[in-house]
Every structure is written in structure tokens, then in C-alpha cells.
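The values are calculated or read from the model by the stated rules, or taken from the named source; none is laboratory data. Note that the coordinates shown come from a computational prediction; the quantities given were computed from them, not determined experimentally. Glycine gets a Cβ as well: all are built from the backbone with ideal geometry, and neighbour counts include every protein chain shown. All accessible areas refer to the heavy atoms of the entire protein, side chains included, with ligands and DNA or RNA removed. Shrake-Rupley method; radii C 1.70, N 1.55, O 1.52, S 1.80 Å.
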Amino acid sequence: MKSVFFSVVIPTYNQADLLNIAIESVLSQYFKNFEIIIIDNYSTDHTSEIIKKFEDNKVVHKKIHNEGIIAKSRNEGIKVSKGEWIAFLDSDDWWYKERLQVIFEFIQNNNSFQVICTDELINDKITNKKKIWKYGPYTNNFYKHLLQNGNCISTSASTVNKKFLIDKYIFFNENNDFITAEDYEFFLHIASNEGKFKFLHKVLGEHVFHEKSASSNYIKHKKAIISVVKHHIFGVQNFTKQKGKFWNSIKINFLYMDLIH
């Protein structure tokens, strides 16, 4: 039996029509060695009907009660996955047809990276504007860089080596205080374990930002980011013992966030 190369993990809740687009974008990939794992938080809309429409043995549908913690859904997807690499996709985002092929070809020629992140077109339905987000850059002391400068990685644009996650026991943190910033914490966890990131500057998908997006609640999202940063400064990192001083040096970032907002 042929092994699965990519496991595409899609958490969802009551976004049936957007989910339909996300699934179609994966099934349309030029590269075909993948499975799609949809972790459904017992949606009450027509999500089940949408998934049943895709009578494809590549599609796995599992329901769990995640209690509003999307990290639980992503973790369940990781646990049941069979692929060598985990590709995350939120149900309101979608990929271009060549995405998995580009990543596969890169992996075949480069085996020293644990996370591969591509660029995205941001489709902001609130402002009706579109723009390209280029993620990264990767730097020396990337863990410290992420803490000092904030998240520069997109979940829906990222593919992670499963063996590295299992060997290092890395999952999304299910702490309630981290909701909407659990992806940031996840990538910090990988970086703290010396995982190497590759940023491929090719736009290979679209991230849709709308009023129902989890991170659209700015105050809640900012609090979650602060909780993640404090957790790592005071409880995880060991590159400095001057924890309070380090925290004070980056608090200005949150004032800058307010200005941008």
C-alpha cells in the first residue's frame, strides 16, 4: 500500500459553503498523494451534506466537540493523520492547484527543514481589499526573533514534518488564554526545539479575512498574543535570565499593534 505524503488538516465549524471551496481546492491539486482530514466541531449548518458530496476516499470526516478551542481540532487531525507531512488549511481559505506539487518538489531536493511556508493573497472581505503577504524571514535565533517581532507565519500556508512533531511531542496548545493565537504558540514551540523554517516566496493560496474570522476580534486576539508571549518569556525560554527586562523591551510591540489597528 502506497504511503500518504501529505495529510491536509481542515478544522471547521458552520462554514459549509467556504468549506466546499477549500475541499475543492485540495482535490484539484496537481499532486495527488494526499488525504484530507476534516475535523468538524459538530456544525449545525449543512457541513455534513457538503462533505458527503465529495465521494472520495481521500476525504476523512471526523466530528469532535472542541469547546471553542480550534487547537483541539488541529491536534485531533495530527493524531489521526497518516501522512509524512501535515499541511494545515482553515476552512475559509483555499489553495492554488500547484501548491502541493511545489512543496513536494522542494522537499525532494531539501530535507533539512521542518516547516515550509508559502506566501498568500489576503482577501479582506471587510475592507474589500486584496494584498499579498510575504511571510518570514527566517533568521538566526529564530525562536528569539519570533518572540521579539511577533508571528510571521500563516497556518494555512504552512506544511510541517510529522515525524518532527511526534519526536518532539509538539502539538497546538489548548490553553483557553491562547485562543486565536494558538498557531503563534505552535510555531514558537517548533522554533524553541530548533525546527528549521523555509519561506518559499510564491503565492500559492488565498487567506480570506471576514467578520466571522476568529482573529477579527482585535482585543481578544491581542490578549491571546500577550498570553502566548508571556508564557514563553517567563515559562519556556532559557536564552536570558532577565525575563522581566526582556518582556519590558518588547511591550512596545503591542502599542505598535494598536496603532496599526
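Quick notes
- Placing +1 on the Cβ of every Lys and Arg and -1 on the Cβ of every Asp and Glu, with no other charges, gives segment 119-261 a dipole of roughly 360 debye about its Cα centre.
- Percent RCO, i.e. relative contact order, over the chain, from Cα pairs under 8 Å lying at least 6 residues apart: 21
- Equivalent-ellipsoid semi-axes of segment 9-50, from the Cα gyration tensor, Å, largest first: 20, 11, 7
- Phi-based couplings in Hz for segment 100-111 (Karplus 6.51, -1.76, 1.60; Gly and Pro marked x): 5, 5, 4, 5, 4, 4, 5, 4, 4, 9, 9, 10
- Distance distribution note for segment 57-200: the fraction of Cα pairs above 26 angstrom is 25%.
- Taking the average, over residues, of other Cβ atoms within 10 Å as the packing measure, peptides 153-163, 174-184 rank 153-163, 174-184 from highest down.
- Per residue accessible area of the chain, 1.4 Å probe, in Å²: 51
- Once the Kirkwood radius over Cα pairs is known for the chain, the Stokes-Einstein relation at 37 °C and 0.692 mPa s delivers a diffusion coefficient of 174 µm²/s.
- Prolate/oblate/rounded label for segment 68-127 (Cα gyration tensor, a/c 1.5): oblate
- Summary of the geometry: segment 14-44 and segment 61-122, compared by the centres of their Cα atoms, lie 11 Å apart.
- Reach of residue 130 by Cα under 13 Å, taken over aspartates and glutamates that are not fewer than 8 positions away in the same chain: 120, 206
- Accessible surface of segment 143-242 [probe 1.4 Å, protein heavy atoms]: carbon and sulfur percent: 47
- Radius ratio Rg over Rh of segment 155-234, counting only Cα atoms, Kirkwood formula for Rh: 0.98
- Heavy-atom accessible surface of segment 71-124: percent carbon and sulfur, 1.4 Å: 42
- Volume of the convex hull of segment 126-261 (Cα atoms only), normalised per residue: 124 Å³.
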